[in-house]
1. Calculated FRET efficiency, ILE104 and GLU161, Cβ-Cβ r, R0 35 Å, to nearest 0.05?
2. Highest first, please rank the peptides 186-196, 86-96 by the mean number of other Cβ atoms sitting within 10 Å of their residues.
3. Quick one: if you stick a label point 7 Å off each Cα along the C-beta vector at TRP243 and THR199, how many nm between them?
4. For segment 140-202, what class follows from the C-alpha gyration tensor (a ≥ b ≥ c being the square roots of its eigenvalues): rounded when a/c is under 1.5, otherwise prolate if a/b is larger than b/c, else oblate?
5. Give a quick list of trypsin sites (Lys or Arg not before Pro) in segment 105-168 that DSSP marks as loop, anything other than H, G, I, E or B, with at most 15 other Cβ atoms within 10 Å.
6. Would you mind checking the pairs LYS90/LYS192; LYS27/LYS192; LYS49/LYS134; LYS89/LYS118; LYS27/LYS89 and listing those with alpha carbons more than 32 angstrom apart?
7. Any chance you could check the Cα centroid distance between segment 44-71 and segment 112-172 for me, in angstrom?
8. How would you classify segment 25-244 from its alpha-carbon gyration tensor, with a ≥ b ≥ c the square roots of the eigenvalues: rounded for a/c under 1.5, else prolate if a/b is greater than b/c, otherwise oblate?
Amino acid sequence: MKNFLVIGRKKVFCRKNIKDRYQLMEKINPITIVILILLTSINITIGGKEQYLISLSFTLILLFSISFDESIYTMLTLFILWTLMYFLKKHLGNIFIGSIYTMILIVIKFSPIFILGKILSLYSSSYLISSFRKLKINQTISIGITIFFRFIPEIYLKLKEINMGMKIRGFKLNIFKPIKSFELYFIPLIYKCIDISDTLTCSIISKGIEYDCKKTNFHDVRFTYIDIIILTIEIVLIGVSLWRI
């Protein structure tokens, strides 16, 4: 059955139980993702190849359950990196190729942590601050963590804007001129980041975050059985890694 909203003389129809692609995020506490990042970093450091693959699969499933588009994009990126690393492995005698191979290997090795960071960046700023405030975490620390993870998508959008501006002006990246290519991205990004910092400062002041008083939360943040299951799986993986050592 359909519901409708009356706007003026027009009826705007909408489905009653429309599925939100980020629906599961409301059931997972952001603190769980933060703890999961710490536990996963320990697991991929002390664990073997099997523990790494399990951690990677687990984080991909978690991302898939939250956002289908982001999970497909991440899996395609990992597939491209693995393919590129396979072909570069045959030419490791060259120093330049060897350095690229090492960087790709580091990205793949810590990809579960990057995926969890991506999940954390999908939460809204208010939801993150509400979860930190629920655990009585210091406001300076909570604001710093929130800004960091919310800043990652903004940087990605700014890089897309810079790339579009370069295409309009006829500039192209050249791998044989890395310094010039780096300048084409880095200098505009600095000015854009300065503009974002002014916006963030105004936002913090207007929302009264710095005001010393008891604050209420719009979001009802709590630990659920899903959080317990997620943390239990990761703790079991760490236990297996320690047992194998």
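1. Between ILE104 and GLU161 the formula returns 0.85.
2. Details: 186-196: 12.5, 86-96: 10.4.
Per-residue mean Cβ counts within 10 Å order the peptides as 186-196, 86-96.
3. 5.0
4. prolate
5. Within segment 105-168, the qualifying trypsin sites (Lys or Arg not before Pro) (loop, at most 15 other Cβ atoms within 10 Å) are LYS136.
6. LYS90/LYS192; LYS27/LYS192; LYS49/LYS134; LYS27/LYS89
7. When both Cα centres are located, 20 Å separates them.
8. On the way: a/c = 2.35, a/b = 1.13, b/c = 2.08.
In terms of gyration-tensor shape, oblate.
All of the numbers you see were taken from the coordinates with simple rules; none came from a lab. Nothing here was measured: the structure is a model prediction, and the numbers come from that model. A quick note on method: Cβ atoms are made from the backbone with ideal geometry, for glycine too, and the neighbour counts reach across all protein chains shown.
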